[in-house]
Each structure stands twice: as C-alpha cells, then as structure tokens.
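Student: Pasting in a structure now, in structure tokens, and then I'll have a few things to ask.
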Number of protein chains: 2
Amino acid sequence: MNPKKDVTIYDIAKQLNISTSTVSRALQNHPAINKLTKKKVIATAKEIGYQYNTFAGNLRKKSTSIIGVMVHELNSNFITSVLAGIEKVTSEAGYDIIIAHSSESYTKESANALNLFHKRVDGLIASLAYDTKNLDHYLPFHQKGIPVVFFDRVEPSDKSTVVVIDNTKCGYQATKHLIEQGCKRIAHITGNLSRNVYAHRFQGYKKALTEHHLPFDKKLLIVNDLGEEAARNATLQLLRLPSLPDGIFITNDFTAAVVIQTLKENGIVVPDDIAIVGFNNDAISKLIEPKITTINYPGIEMGEIAARQLIANLKGEENVQLTNTIIIRSDLIIRESSLKKHTPLSIASNNNANKK
Amino acid sequence: MNPKKDVTIYDIAKQLNISTSTVSRALQNHPAINKLTKKKVIATAKEIGYQYNTFAGNLRKKSTSIIGVMVHELNSNFITSVLAGIEKVTSEAGYDIIIAHSSESYTKESANALNLFHKRVDGLIASLAYDTKNLDHYLPFHQKGIPVVFFDRVEPSDKSTVVVIDNTKCGYQATKHLIEQGCKRIAHITGNLSRNVYAHRFQGYKKALTEHHLPFDKKLLIVNDLGEEAARNATLQLLRLPSLPDGIFITNDFTAAVVIQTLKENGIVVPDDIAIVGFNNDAISKLIEPKITTINYPGIEMGEIAARQLIANLKGEENVQLTNTIIIRSDLIIRESSLKKHTPLSIASNNNANKK
DNA sequence: GAAATTTACGCAACCGATTGCATTATGAAT
DNA sequence: ATTCATAATGCAATCGGTTGCGTAAATTTC
C-alpha cells in the first residue's frame, strides 16, 4: 500500500560502504572527492533509484534556488513574454521560478507575497496589481535581505530595483503622432491613474497636448478597468459626446481592438473619422482591421533584464546598486489605425519592430 | 551583515517555557491543546516574528501541499482559463500550485516533469507538448503513487485520469456546419496529427465528409505548427490550388484569424467565397472581422474538473477510479465567418455560450 | 474517596542532506 | 626511515518542525 520508503544518500553510502558525507560531496561534484568514487556513487544512485530530497537540502542550506514571480495576470502577450525572458535567464543561472498571480487584486497579491515568503524564495520579481498602492507586503523580504525587483507596474521604492519603460515618453509619442496626423480632439482611454503606468502615459498625453496648444478636455479622458465591457461602454460614451473626438490613445491593444470594433459597428471609420493608437504591440494589433498603431513594449527584454538584475543581487555582486531604476527602450509602431494622411506605408513598415 | 537567525518554534517554546511539541500542535490548532495555550503561542509567535519553515515541515511530513501543473504554453486564452479553474479549486482545498511550461517541447516537458518530481509535488496536472508521444517521464510519479491527471492534450494511459472534450464530435460538428452552409470543398488546417486533439478533430472532419458523400482531398489537409507564419503559408498554399476550397475548418482561433486576414489581403471574401470555422472561442474570435464561428472550449470548467479529480485522489477517496476519462461538454458557436446563407443572426446569437 | 476518564503537555526519535573539522591514506621530499 | 604536504574520506552536529507514545494533572463517576 504505502509506497516503499524513499532511497536516500544513506542507502547509497551503505551500499558502497562509505559515509554520507562522501556521497553528498560526490553528488555535488566536490573537488575533494576521488573521481572513481564519484562514478561509483553516481552509478549506484541511478541503480537504486535515488532522488534528491529538496527539502532536506533546503532546510540545511537555507536557500532554495527558487525565484518567485508575481504578476497581475497571465492572459496578456506582454506578461507571457516577460515570463519567457525571466525564465530564460533564471534557468540558465540554475534557478527555478514559481509564478503567482494576483488577479489584479491587492488582497491576493498580499497573500501571494506572504506565501512566496514562506516558501523561502531566494528572490522576487514582481509587477503590482491594479489597486496596489503600498508596498508593505514586501517588507518581510526587505527585512530578511531577500532582493525584490519590480517591473512594469511599480511604485517608487528605496529598497528595490525597478525596471520600466518610459511611459511618459510613450504617451507623449503616441499623442504627438495623432496630432501630427491632424487630430485636434484626442481622447484617452486608460486604467486607474494611481497606477504608475497609466499615470505616466496620461502625463505624456497631456504634455503633447499642451505642447501643441491643444486644450485638455476632461470629457475625453476615460478611466476604467480595461475589460471588454468597459471598452464598449467607453466607446459609446465618447460617441454620445456633442462633438466627437478625432483620435483616441488607448492604453492597451485589446481594449483598442474592442473600441475599434464598437466604432465600426456605429458607422465610424477608423482612422478617417477617428484615428487610434494602442499600446503593447500584442498579436491582436496586427490581426484586426485596420491594423493598430501601437507602442512596442519589449516584454522579453524586460523579463531578462529584471532577472539578470535579481541574480546579480543574489550572487552578491557588491557593485550592483540595489535601488536603481532601469528604463528599457520602447517605440512607436505605426500601422493603419492612425494614418489619416494615407502616407505610403513603407514608412510605417520600416518602423515595424517585429522579429523576423 | 548576515540577517539575524530565523525565529523557530524553539524560540516560542523557550519564551513560554513549554515544549516544541506543544507549540507545533498549538500552531496546527490541534484539539489536544488548551485554548489559552494556543492563544499565548499564537500571540508570541506574532510578537517575535515567527515564520513557518516549509522545508522542515515538508521534510518531516513527506508531503508538500503543492500541485504541479504542466502546460505546453501560457499564451493562450484557453490555457489561462484552465489555470484559473485549477487555481480556484486547489486554493480552496489548501494546495498551492507551481506552473511549469514545456514550450511545446518534449525535452523540456521531460525535464520539467523530473523537476516537479524532485520538488515532491503531491500531485500533477498536465497537458502534453506538441511532440510528446510517450509518457515515460511520468513513470516516477506513478511508481511513487503520485496521482497525475492529464487534460486536453493527452495520451491514452492506464494509470491516470484524463479530462478532455470530444474532439471528434467537435470536428464533426464544425465540418457538418460548413457543409450545411453549402460548402463542398472544405479544407482543414491543423496541428500534428499524432497529437490526440488534432487527430480526433481530423477524424470528425473526415466523418462529416463521408457522411455527406463528400470526397476527402489530401490537398485540402494542411498540417503545420500553428504559428503565424505557418498560417500565412497554409493560406497561400490553398490559394495556389487549381480549384479553391469554399470552406476551412481551422484548429484554433488565432490561426483562423491569420488565415482570414491573409485571405482578405488576397481579395477573398469571408464567408462568401470561403467560410471559416475556428476552435477554442478565444477573445480574438469576436474581435476580428468577420467574427469567427468557433467551438466553445470551456477552459475554466476543464481546470476545475481536473483539479477536483486530482484532489479527490489525494484525499484518498477510494471510490474514485484512478483511470477514467472525463469528457466535458463543448459546443459550436455560430458567428459570421461561416454564414454563407446569411441566416438571420438571432439563431447564431442564441447559440452564443458566453457567460453573462 | 478511590477508580476511571479525560485533558493537556513533554520526551525524543525522526525526516535527509550539508559541512566544518578531524582523520587517514598516499606520495613526495629530505 | 622520517617528515611533511596533499588527497580522500569520515564524524557528528545541524537545519526546524512533526508525531507516537507516555505521563501528570484535572475532572468525572459510583
């Protein structure tokens, strides 16, 4: 009934008539162990079906070689790219990752943080939930000297590295592009403005307006949860306005896609009547019609950099400042959804940042 | 420099002048411990900042309360729905999950399986990689009596439960629907036919053809890796055919979206010239134009059921057969991409299986 | 008021790998 | 032959909870 007892290094030691220390060291490829002994140990290990017991090891070593990754959701292209980047770097460095997602809820993020802390992760890479404002739940990590790196959704912290893009610049670029296409009334659909990414994009949006002597109209700013229904409602809300906008800067491509669809359903032509710029360069931005002008947000790179930074911390490279900000490049990809002046598309395609 | 030593139950015991056994039991809310004692233990635990050490506990208990989840990729709506379902059920039951993804590679799947095994997961929920044919890498689990539940991408196994949809039926329905729309030359774009899901959908496709006395034409079957480029090439390949197909059944919505786009670029009208049916009911299927007729594949439900099944196993409910097959309902959602006979859409919308 | 329960707690052996320090075997040097 | 350096291995404590079993104290029973 009960599965037979696990085979341990004691069994190997007994079989070979050596001590467990030797076995342990042989298994770790310790230099002080004779090559022949190593071979024998490894051979019998395989033979009798030995399996390393992580718990015993971790308990003794007080380190897990696990890096926790906290994300808000898994369902975006961007996040999965980041994860891919993180995984690439961490696995090369011999770390495992364990993913927790907050479902955009501060409460869950908090619980997950505690959980990861209990699991004794060696380090943490995190992006904050929609409504996370304070960083108290990361205090235990800081107190115990466990490095934490934040990416994308961050709060200013004097204890951690943050990896971000220049959202202000992106918002500025997007809006400026619309202005250059002749837009005069540019709406902005975005998320909770207390979340850094949205706040900064909004700042960039405003800056571009101001610089081009366009007024900021509160009615053209819509803040919602970026879901499908919210996107439709936002669109209808804009359509109900006495004077329609002629451009919309939208904070993600999925929302932009829904908006475009809703506009089309209401007889609005994109980009002629209303030009659209999205954000993220998700797969969907190239598949809907018209293809969406967007900001390329290199997730893989962000993941790699965050992971590299964390690992540098872990390895104790003292020259690494713990509290710095890394800003990743990002750029505007011009596609059809914003081209009012039917510019020859070659310009746009040159700008296309897709690999291959 | 070194962070202060962790506080353990020994510290609590010393402080209160009781034994660690009592502390341990108090923390577990063991009935044999006095309520007052429990309170005191919990209070001092909080006071001196005690943190449970998972490793010590796991080492002793020989169980981790962790469930491994192996998926092929994270970037589909379907998979993230499944994960959501799994998480809901497992977290309610007090289990944590740790996610591994194989990137569609057998080699990586194999390595991940071993890894999860080393981490001593209590159970495993897995969907196979694109090219995984044998299940040998799950043998260690079976040998040790660790339950494994497969979902979606599976291989017949006499050691595990599998949770699937009736892919044959879905393939049949999709194809039959196209036939009913008047299609006579129906192509099929799909993945590796040695993978169960694709094999069965193909079977259903053939069955529908046969039943309606339509010939099966090898040239109309395209097997590829379902990536974006492959989808474009497949479309072009079909367009080069001496006589074009008038319908295509495509094994996922993303691919279908790319195909539709490519068709449109080549002046083909969907559905009038070529009708399309996709698969999965991903978000994208409702956003592109025309909206894609597809098979609703309820990921959340599949995740929940797989998780429930696994937990039933873990709890040792003896009445649970270990080796059965659970088939989840799924249904055709009719949208514009397949409606040649411009049927009033009310029929289709009734069929719409969206929640809410 | 003695016996039988019940309640609450402690003892001490585990779980399995790691590692500082000591020890022995081997070879080189004098 | 003796000494010293080096290579290879062993000893035993340690990591921090868990739990079967035993026991003392409190309560009930007749």
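Student: Only one of (1) more than 7 Å from DNA strand D (Cβ to nearest atom); (2) more than 14 Å from every other protein chain (Cβ to nearest Cβ); (3) open to solvent by less than 50 Å² (accessible area, probe 1.4 Å); (4) without any contact (Cβ under 8 Å) to a residue 12 or more places away in the chain is not met by A:LEU16, so which one is it?
Tutor: Failing condition for A:LEU16: (4).
Student: Sticking with this structure for a sec: What number of residues within region A:239-258 satisfy the criterion of being part of a loop (DSSP other than H, G, I, E, B) and of a type in the set (Gly, Ala, Ser)?
Tutor: Within region A:239-258, residues that are part of a loop (DSSP other than H, G, I, E, B) and of a type in the set (Gly, Ala, Ser) number 1.
Student: Follow-up question, since we're still on this one. Among the residues of region A:38-54, what is the count of those that are open to solvent by 80 Å² or more (accessible area, probe 1.4 Å) and either on the phi > 0 side of the Ramachandran plot or near DNA strand C (Cβ under 7 Å from one of its atoms) (or both)? Quick ask: steps written out before the conclusion?
Tutor: Residues of region A:38-54 that are open to solvent by 80 Å² or more (accessible area, probe 1.4 Å), as a first pass: A:39-40, A:42, A:46-47, A:52.
Subset that is either on the phi > 0 side of the Ramachandran plot or near DNA strand C (Cβ under 7 Å from one of its atoms) (or both): A:52.
Qualifying residue count for the region: 1.
Student: Something else now. Hey, among the residues in region B:19-37 that are more than 30 Å from B:VAL121 (Cα to Cα) and either buried (at least 18 other Cβ atoms within 10 Å of the Cβ) or of a type in the set (Val, Ile, Thr) (or both), which one's farthest from DNA strand D (Cβ to nearest atom)?
Tutor: B:THR37
Student: Sticking with this one: Which residues, counting only those in region B:185-208, are outside any loop (DSSP other than H, G, I, E, B) and in contact with a strand residue (DSSP E or B) (Cβ under 7 Å, 6 or more places away or on another chain)?
Tutor: Of all residues in region B:185-208, those outside any loop (DSSP other than H, G, I, E, B) come to B:186-190, B:196-208.
If the condition is that a residue be outside any loop (DSSP other than H, G, I, E, B) and in contact with a strand residue (DSSP E or B) (Cβ under 7 Å, 6 or more places away or on another chain), then B:ILE186, B:ALA187, B:HIS188, B:ILE189, B:THR190, B:TYR198, B:ARG201, B:PHE202, B:TYR205 are the ones that fit.
Student: Here's something else I'd like to know. What's the total number of residues in region B:259-288 that are part of a loop (DSSP other than H, G, I, E, B), open to solvent by 10 Å² or more (accessible area, probe 1.4 Å) and free of Cβ contacts under 8 Å to residues at least 40 places away in the same chain?
Tutor: Qualifying residue count, region B:259-288: 5.
Student: Continuing with the same structure: When region B:133-176 is examined, which residues are found to be polar (S, T, N, Q), modelled with pLDDT of 95 or more and buried (at least 24 other Cβ atoms within 10 Å of the Cβ)?
Tutor: If the condition is that a residue be polar (S, T, N, Q), modelled with pLDDT of 95 or more and buried (at least 24 other Cβ atoms within 10 Å of the Cβ), then B:ASN167, B:THR175 are the ones that fit.
Student: Could I ask something else about it? Out of the residues in region B:234-258 that are within 14 Å of chain A (Cβ to nearest Cβ) and open to solvent by less than 20 Å² (accessible area, probe 1.4 Å), state the one that is nearest to the chain's Cα centre (by Cα).
Tutor: So, considering only residues that are within 14 Å of chain A (Cβ to nearest Cβ) and open to solvent by less than 20 Å² (accessible area, probe 1.4 Å), the one nearest to the chain's Cα centre (by Cα) is B:ASP253.
Student: Keeping to region B:95-104, report how many residues are facing chain A (nearest Cβ under 9 Å) and in contact with a His (Cβ under 8 Å, 6 or more places away or on another chain).
Tutor: Result for region B:95-104: 2.
Student: For region B:55-79, what are the residues that are away from DNA strand C (no atom under 16 Å from the Cβ) and without any contact (Cβ under 8 Å) to a residue 12 or more places away in the chain?
Tutor: Correct list: B:ASN75 only.
Student: Take residues that are under 18 Å from A:THR64 (Cα atoms) and tell me which of the helices (runs of 4 or more DSSP H) falling wholly in region A:76-181 contain 1 or more.
Tutor: Values: elements: A:77-92, A:106-118, A:139-143, A:167-180.
Helices (runs of 4 or more DSSP H) meeting the threshold: A:77-92, A:106-118, A:139-143.
Student: Could you tell me whether B:GLU92 is open to solvent by 20 Å² or more (accessible area, probe 1.4 Å), farther than 29 Å from A:LYS144 by Cβ and more than 8 Å from chain A (Cβ to nearest Cβ)?
Tutor: So B:GLU92 fits the description; yes.
Student: I need the full set of residues from region A:65-81 which are open to solvent by 10 Å² or more (accessible area, probe 1.4 Å) and more than 7 Å from chain B (Cβ to nearest Cβ), in order please.
Tutor: Looking only at region A:65-81, we keep the residues that are open to solvent by 10 Å² or more (accessible area, probe 1.4 Å), and these are A:65-66, A:72-73, A:75-78, A:80-81.
Correct list: A:SER65, A:ILE66, A:HIS72, A:GLU73, A:SER76, A:PHE78, A:SER81.
Student: Also: Working only within region B:105-132, note down all residues that are over 30 Å from B:ALA56 (Cα atoms), out of contact with any His (no Cβ under 8 Å at 6 or more places or on another chain) and open to solvent by less than 10 Å² (accessible area, probe 1.4 Å).
Tutor: Matches in region B:105-132: B:THR132 only.
Student: Would you say B:ALA26 is more than 13 Å from DNA strand C (Cβ to nearest atom), farther than 30 Å from B:ALA283 by Cα, more than 15 Å from the chain's Cα centre (by Cα) and away from chain A (no Cβ under 13 Å)?
Tutor: Numbers: more than 13 Å from DNA strand C (Cβ to nearest atom): no; farther than 30 Å from B:ALA283 by Cα: yes; more than 15 Å from the chain's Cα centre (by Cα): yes; away from chain A (no Cβ under 13 Å): yes.
No, not satisfied.
Student: Same structure, new question: From the set of residues in region A:38-64 that are within 14 Å of another protein chain (Cβ to nearest Cβ) and away from DNA strand D (no atom under 14 Å from the Cβ), which is farthest from the chain's Cα centre (by Cα)?
Tutor: Filtering first and then ranking leaves A:ILE48.
The values are calculated or read from the model by the stated rules, or taken from the named source; none is laboratory data. Predicted, not measured: the structure shown is a model, and the values here were computed from it. Neighbour counts run over all protein chains shown; Cβ positions are idealised from the backbone, glycine included. These accessible areas exclude ligands, DNA and RNA; they are computed on the full protein's heavy atoms, side chains included. Shrake-Rupley method; radii C 1.70, N 1.55, O 1.52, S 1.80 Å.
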